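Undergrad: Right, I'll just put the structure down here and ask away after.
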Amino acid sequence: MKQLLGKPKSEKVEQLGWDAGTFQGMYVKTLAYDGMEMTMYSPKGDRFYVVNMRVTGPAYPTSLGNRVGDPASRVLKKFATIAKDGREPPDSFAYAVNDYMYIDLYFVIKEGIVSERYYEYLID
């Protein structure tokens with residue numbers, strides 16, 4: 001990540017305790033950048049995998065070019081498949097990346113503008 005995004009503003013690594021259930025003993029790394037925070041998991045603390053990313057600034061577009069600050073109508077043109085989680089446009093809504101995995105891309109819409117984007121990969 002550091003090669004791609006540079007040095008984070010902050011970095012924190014912690015091992016999950018007994019209260020984490022089946023995730024007990026796993027490691028969580030949180031990286032914070034201007035306009036983005038990323039959380040990664042690792043079973044042993046050596047190799048980390050991205051599980052969620054919250055983007056609050058325009059510097060990090062989606063692969064289709066959508067950014068925080070875009071009008072909701074621009075997002076709807078590119079992301080037509082809405083996740084079946086009860087949220088729908090024009091307010092906050094979720095785009096299902098695919099139908100067979102727990103990967104979602106959420107858009108928070110305030111007053112017709114994307115104010116935040118949140119990527120989530122749910123681990124079973």
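Undergrad: Go through segment 63-78 residue by residue and turn each phi into a ³J(HN,Hα) via Karplus (6.51, -1.76, 1.60, θ = phi - 60°); whole Hz please, and just put x for glycine and proline.
TA: 5, 9, x, 6, 10, 4, x, 6, x, 4, 4, 5, 5, 5, 5, 9
Undergrad: Which of Ser42, Ser10 comes first, and how do the rest follow, when ranked by fewest Cβ neighbours within 10 Å? Each step should come with its number before you reach the end.
TA: Details: Ser42 15, Ser10 9.
Taking fewest neighbouring Cβ atoms as first place, the list is Ser10, Ser42.
Undergrad: Rounded to the nearest 0.05, what FRET efficiency do Glu120 and Gln3 have when you use their Cβ-Cβ distance and R0 = 25 Å? Intermediate values should be presented prior to the final figure.
TA: Numbers: r = 24 Å, r/R0 = 0.96.
Taking R0 as 25 Å, the efficiency between Glu120 and Gln3 is 0.55.
Undergrad: So which of Lys2/Lys29; Lys2/Lys77; Lys7/Lys110; Lys9/Lys29; Lys29/Lys110; Lys12/Lys110 end up more than 21 Å apart by C-alpha?
TA: Lys2/Lys77; Lys7/Lys110; Lys29/Lys110; Lys12/Lys110
Undergrad: Over the alpha carbons of segment 1-55, what is the largest minus smallest coordinate on each principal axis, giving the biggest first in Å?
TA: The Cα atoms of segment 1-55 stretch 32, 20, 16 Å along their principal axes.
Only the coordinates and a few stated rules stand behind these numbers; no lab work does. Model, not experiment: these values are computed from the prediction. Note: ideal-geometry Cβ built from the backbone for every residue, glycine included; neighbour counts use all protein chains shown.
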